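Novice: The structure under discussion is supplied below as structure tokens; questions concerning it will follow.
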Amino acid sequence: MLADHLPILPVIIPALAAPIVMLVIRRRPTLGVAVSVASCLAMLATALALMVQVSDGTILAYAVGEWAAPFGIVLVADRLAAMMLMLTASLALIALLHAVVTRADRKGWHFLTLFQFQLMGLNGAFLTGDLFNLFVFFEVLLIASYGLMLHGQGPARLKAGVQYVVVNLVGSSLFLIALGMLYALTGTLNMADMGLRVAAVPAEDQGLLRIAALLLVSVFALKAAVAPLHLWLARTYAVSTPAVAALFAIMTKVGVYSLIRVVPQVFGDGAGAAAWVPAPYLLPAALVSAVIGFAGVFVARSLSEQAAYAVIGSTGTLLIAVAGWSAGSLGAGLYYLAHSTLAAAALFLVADVVARRRGAFGDKASPSPVFAQRGGIALLFMAAAIAATGLPPLSGFIGKLLILTSVATLPDWGWSWGVILGTTFIGVVGFARVGSAVFWKTAGEGTAPVGPATRVDLAAPVIALALLAALAAGAGWASAYADAAAAQVLDPAQSARAVLTEVGQ
């Protein structure tokens, strides 16, 4: 039955759609778009079906080729994985819609194909049950992201693209080194199995175990753009095609997800010298990331640059919650994760809407002649800024309130409160500064050159903001689901039973 194969469908669907799109796109572009949209809709339906199945705490373990764990490839769908799949599919539809209506997908023949491979890598990373295939799916999504990032060409993208490739090649190399060390020490790369075996690592190898764990955590921190490993992100995201940058909003969350998934499962209480290995470093790095990110929002010279720095700042805020490693703080962080991803996407899309109407002025934080639909777009920008900074009534306020409440009982809570509240104020001032320059002040006479003849390009940012409003309206259910997902992640024995018993150790 199809229901028995649900966990593999989020990987299979884009893997099949990508070559089909590549075959038809040159002669029948409309058909290529239709296949891409159908693929994203199918992924959304699959994610919803998985979320329904796992909402009662069930963990679905799928053995690819019926090879038993820990030797075969295992996909694991639980509350957290289903949530990330739903977020990815929703974001993909928004980004694809914007790319199509602005015709950004027509600037290169392989955009839609790379888009599908990107989704394949993302979905695989959220579902895989072993570290080696986490590396494989990282590489799939990174290779696709190289092409997407350079889509549309231009010297700025080429320069940022080279930096992006070099940084990620270094990260991939460190990932492989860490995997080799962990396999030598434990004899497995299955996360559930490694979590059981790591306790038996001899005393003389505990130093190597800790080094391997720190290397792995460093790779995840690089993917998440955590300070001081954040320098690559702002330039890369700011110069990317806006629809691509909107999809990239979830890329840093892959690094955060990997931390949340791997640390409790493998490096929990029984991991000896590697137990909770990022704990001494994660909170300070998160605090610095939040400050750097929102300071960047304050000094940014364009809307897209603001959006890129907002990604860094929101990731720092998210990791403040994750650093507590408690069910309450982690649940609050997961709620904020969904919010911050959609908020960042909305900022990138609004920046593109502005740039398309201001002609040579682009999305620079400077006055210009009055442009088309300025009042309505100003409201969209204000809503996106409210979401990014965490002000009421959107879900960012609820997410930050949950984080503040959850960390209040933890050590060093004063630093967390001070940074979250302080960066919120800095973000408000930064967005107000840029918003007043772009939407309030006027320079020159007449109207700026107008790009689109209709308002169809407003659809994608409106949908993103509507989802944020829905997340706020359904905060009770969403936060309860996030809390349950956090509790499940912090119970690695449950996952081990599902993977190693149901799939067959």
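The values are calculated or read from the model by the stated rules, or taken from the named source; none is laboratory data. Not measured: the values here are computed from a predicted model. Heads up, the Cβs are rebuilt from the backbone with ideal geometry, glycines too, and the neighbour counts pull from every protein chain shown. What goes into the accessible areas is simple: the full protein's heavy atoms, side chains included, and nothing from ligands, DNA or RNA. Shrake-Rupley method; radii C 1.70, N 1.55, O 1.52, S 1.80 Å.
Novice: Tell me which of these Met83 doesn't satisfy, since it passes every other one: (1) farther than 23 Å from Asp130 by Cβ; (2) within 20 Å of the chain's Cα centre (by Cα); (3) open to solvent by 10 Å² or more (accessible area, probe 1.4 Å).
Specialist: Of (1) farther than 23 Å from Asp130 by Cβ; (2) within 20 Å of the chain's Cα centre (by Cα); (3) open to solvent by 10 Å² or more (accessible area, probe 1.4 Å), only one is false for Met83: (1).
Novice: Please go through segment 382-395 and pick out each residue that is in a helix (DSSP H, G or I) and within 13 Å of Phe294 (Cβ to Cβ).
Specialist: Ala385, Ala388, Thr389, listed by residue number.
Novice: Between a residue in segment 94-113 that is among the basic types (Lys, Arg) and any residue that is surrounded by 24 or more Cβ atoms within 10 Å (Cβ to Cβ), which pairs come within a Cβ distance under 8 Å, given they are 6 or more apart or on different chains?
Specialist: Taking only residues 6 or more apart or on different chains, the pairs are Lys107/Thr241.
Novice: Is it true that some residue in segment 355-365 is of a type in the set (Gly, Ala, Ser) and within 23 Å of the chain's Cα centre (by Cα)?
Specialist: No, segment 355-365 has no match at all.
Novice: Please go through segment 242-293 and give me each residue that is in a loop (DSSP other than H, G, I, E, B), open to solvent by less than 10 Å² (accessible area, probe 1.4 Å) and either hydrophobic (A, V, I, L, M, F, W, C) or touching a His at 6+ places or on another chain (Cβ under 6 Å) (or both), ordered by number.
Specialist: Within segment 242-293, Ala249, Ile250, Phe267, Ala271, Val277 meet the criteria.
Novice: Can you pull out the residues in segment 224-235 that are surrounded by fewer than 22 Cβ atoms within 10 Å (Cβ to Cβ) and not aromatic (Phe, Trp, Tyr)?
Specialist: Ala227, Pro228, Leu229, Leu231, Arg235
Novice: The conditions are (1) over 30 Å from Gly362 (Cα atoms); (2) surrounded by 24 or more Cβ atoms within 10 Å (Cβ to Cβ), and Thr315 fails exactly one of them. Which is it?
Specialist: Thr315 satisfies every listed condition except (1).
Novice: Here's another thing I want to ask about it. Considering segment 294-321 alone, what residues qualify as being in a helix (DSSP H, G or I), within 17 Å of Ser436 (Cβ to Cβ) and of a type in the set (A, V, I, L, M, F, W, C)?
Specialist: Result: Val297, Phe298, Val299, Leu303.
Novice: Could you tell me which numbered condition Pro70 fails, if it satisfies all but one of (1) touching a Ser or Thr at 6+ places or on another chain (Cβ under 9 Å); (2) part of a helix (DSSP H, G or I); (3) surrounded by 23 or more Cβ atoms within 10 Å (Cβ to Cβ)?
Specialist: Of (1) touching a Ser or Thr at 6+ places or on another chain (Cβ under 9 Å); (2) part of a helix (DSSP H, G or I); (3) surrounded by 23 or more Cβ atoms within 10 Å (Cβ to Cβ), only one is false for Pro70: (2).
Novice: Give me the residue from segment 340-372 that is assigned to a loop (DSSP other than H, G, I, E, B) and not small (Gly, Ala, Ser) and, out of that set, surrounded by the most Cβ atoms within 10 Å (Cβ to Cβ).
Specialist: The qualifying residue surrounded by the most Cβ atoms within 10 Å (Cβ to Cβ) is Asp363.
Novice: In the set Pro280, Pro264, Pro228, Pro242, which member is touching a Phe, Trp or Tyr at 6+ places or on another chain (Cβ under 6 Å), modelled with pLDDT of 90 or more and not aromatic (Phe, Trp, Tyr)?
Specialist: Within the list Pro280, Pro264, Pro228, Pro242, the selection yields Pro242.
Novice: Taking the condition of a type in the set (Val, Ile, Thr), open to solvent by 40 Å² or more (accessible area, probe 1.4 Å) and in a helix (DSSP H, G or I), does Val217 pass?
Specialist: It is false that Val217 is of a type in the set (Val, Ile, Thr), open to solvent by 40 Å² or more (accessible area, probe 1.4 Å) and in a helix (DSSP H, G or I).
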